Amino acid sequence: MASLDDLALLSLIKDPKTKELGYRKLITGYQRRIYGVIRKMVIIHEDADDVTQNTFIKAFKNIEKFKGESSLFTWLYRIATNESLNFLDKKKKRFFVPAEDHEKKMATYLDSSPHIDGEQVQVILQKILLKLPEKQRLVFNFKYFEDLSYEEISQITQTSIGALKASYHHAVKKIEKEIQPE
């Protein structure tokens, strides 16, 4: 359900006199979080910037279709999630890159990128996450990094809560196995 803040923002966007201001507020309010979600999926900074931009372009083009059945946050995250997954699929198909090679390229990027900040533990975790199937990685990122509830993730991904819990559980088990090999 759209909040009062969402409704006020939508009102700004729908009024031709304040449309530009409304869009600026939308970007200011959500860009950092949307970029963060996308970056955890596509890894490479430049790609994340492109996908973030595409997410907002798609949101602007489709703002009239937003029905207010969810929050703007949930709606934008759904667009960002779909754009991220589509980007990754296109990238693999375009370069005919096996998943393992793509994973190695992104892991190398994590080691050498000046855009990666944080402790070595975070880099190690990101490398482990690259080995997860995209859906498990997405659910793990939403739950662990974004601290979203299963209900919120369900709205964003349009997946049942039971399936999300199973994906998260499998992701955690795989991560634990990588951290503590037998």
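The values are calculated or read from the model by the stated rules, or taken from the named source; none is laboratory data. Please read all numbers here as calculations on a predicted model, not as lab measurements. Glycine gets a Cβ as well: all are built from the backbone with ideal geometry, and neighbour counts include every protein chain shown.
Whenever a residue of the stretch 138-154 is touching a residue at least 60 places away in the same chain (Cβ under 8 Å), its partners that are part of a loop (DSSP other than H, G, I, E, B) and surrounded by fewer than 22 Cβ atoms within 10 Å (Cβ to Cβ), lying with C-beta atoms within less than 7 angstrom and at least six residues away or across chains, give the pairs F142/L148. Return yes when E178 is modelled with pLDDT of 90 or more, among the acidic types (D, E) and surrounded by fewer than 16 Cβ atoms within 10 Å (Cβ to Cβ) and no when it is not. The answer is no for E178. For K17, the conditions (1) modelled with pLDDT of 95 or more; (2) surrounded by 16 or more Cβ atoms within 10 Å (Cβ to Cβ) are fulfilled apart from (2). Restricting the stretch 1-27 to residues that are out of contact with any Ser or Thr (no Cβ under 8 Å at 6 or more places or on another chain) and of a type in the set (D, E, K, R), the residue that is farthest from L72 (Cα to Cα) is K17.
Okay, residues lined up against (1) in a helix (DSSP H, G or I); (2) touching a residue at least 24 places away in the same chain (Cβ under 8 Å); (3) in contact with a Leu (Cβ under 6 Å, 6 or more places away or on another chain); (4) of a type in the set (A, V, I, L, M):
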{"residue": "L7", "(1), (2), (3), (4)": "yes, yes, no, yes"}
{"residue": "K17", "(1), (2), (3), (4)": "no, no, no, no"}
{"residue": "R24", "(1), (2), (3), (4)": "yes, no, no, no"}
{"residue": "Q31", "(1), (2), (3), (4)": "yes, yes, no, no"}
{"residue": "V37", "(1), (2), (3), (4)": "yes, yes, no, yes"}
{"residue": "K40", "(1), (2), (3), (4)": "yes, yes, no, no"}
{"residue": "D47", "(1), (2), (3), (4)": "yes, yes, no, no"}
{"residue": "T55", "(1), (2), (3), (4)": "yes, yes, no, no"}
{"residue": "K58", "(1), (2), (3), (4)": "yes, yes, no, no"}
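Just one of the listed residues (I43, I34) is surrounded by 13 or more Cβ atoms within 10 Å (Cβ to Cβ) and at negative phi, namely I34. V172 - would you say it is part of a helix (DSSP H, G or I) and surrounded by fewer than 18 Cβ atoms within 10 Å (Cβ to Cβ)? Yes: the conditions hold for V172.
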